[in-house]
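What follows is a short report on a single structure.
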Amino acid sequence: MSAQADDYICLEIALSGPCMAFPLPSPMRRALDLAAAAAEAGEVPVGAVVTKGDAIVATSGNAMRTTADPTAHAEIVALRTAAAALGTWRLDECDLWVTLEPCAMCAGAVGLARIRRLYWAADDPKGGAVAHGPRLYEHATCHHRPEVYSGIGAEEAARQLRAFFGGRR
Ligand code: ZN
């Protein structure tokens, strides 16, 4: 078992407890379902949802494999879909919900899109770029920093990732 899988197990243990009894916000529920569907398609299980107010504007799972596009992370596809649906690149009244801490590419795109709030489920100590690694939003050259909330649905997201990577070995 790789170090990455071990990290997810530790995360799950750390997060198991009475706090997990709270119902998930519906956009994160949807994102977790999208992640599960992505895994069934052979993609790394990550799902993303863009909301504006109470409305879901765009959804996507990871689609790198099915679209042969290395940039087709769930967040990027969801941001593109939301921008197209709303007819503007500027998503400053929108929030992004994603099942895994965004990577550097996606965290950058979230900033460029002026996303208001970023919610994610599981931390990604190896590839995350918000709370880990480059911590993109802490740089002076970052011109838009969303409000950030993490750990929402983390146990289920970590379990999906662990099952996916475990099942691949
Ligand atoms: Zn990404």
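Computed values, structure above
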| quantity | calculated |
| --- | --- |
| Estimated FRET transfer efficiency when R0 is 30 angstrom, pair Ala84-Thr141 (beta carbons, to 0.05) | 0.60 |
| Proximal charge balance of Thr51 [Cβ under 14 Å; K/R count +1, D/E count -1] | -1 |
| Efficiency of FRET between Val148 and Arg65 - r from beta-carbon atoms, R0 30 angstrom, step 0.05 | 0.60 |
| Rg/Rg_globular for the chain, with Rg_globular taken as 2.2 N^0.38 Å and Rg from C-alpha atoms | 0.97 |
| 5 angstrom amide H check on Val148, placed H, neighbours 5+ away | Leu118 |
| Under the span-like rule (Cα at least 30 Å along the axis, Kyte-Doolittle mean at least 0.5), DSSP H helices of the chain | none |
| Whole-Hz ³J(HN,Hα) from phi, Karplus 6.51 cos²θ - 1.76 cosθ + 1.60, for segment 47-59, glycine and proline x | x, 9, 9, 9, 10, 10, x, 8, 8, 7, 9, 7, 9 |
| Whole-angstrom gap from segment 78-127 to segment 55-73, using each part's C-alpha centre | 12 Å |
| Against the rule of thumb 2.2 N^0.38 Å, how large the Cα Rg of segment 36-135 comes out | 0.99 |
| Sorted by Cβ density within 10 Å, fewest first, the residues Arg117, Arg80 | Arg117, Arg80 |
| Additional length obtainable on full extension of the chain from Phe22 to Ala104, 0.36 nm per residue less Cα span | 26.5 nm |
| Debye, to nearest 20: dipole size of segment 26-145, +1 on Lys, Arg Cβ, -1 on Asp, Glu Cβ | 260 debye |
| Using a Förster distance of 35 Å, the FRET efficiency for Ala41-Glu93 (Cβ separation, nearest 0.05) | 0.65 |
| Dipole of segment 123-169 [Lys/Arg +1, Asp/Glu -1 at C-beta], most positive-end residue of Phe164, Pro146, Pro134 | Phe164 |
| Gain on full stretching of the segment that runs from Arg117 to Lys52 - 0.36 nm per residue minus C-alpha separation | 22.4 nm |
| Share antiparallel - DSSP beta bridges, the chain, percent rounded to 5 | 55 percent |
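Taken together, the values in this text are just the output of simple stated rules run on the coordinates, not laboratory data. Worth saying up front: this structure is predicted, and the values here are computed from it rather than measured. No Cβ is skipped: glycine too gets one built from the backbone with ideal geometry, and neighbour counts run over all protein chains shown.
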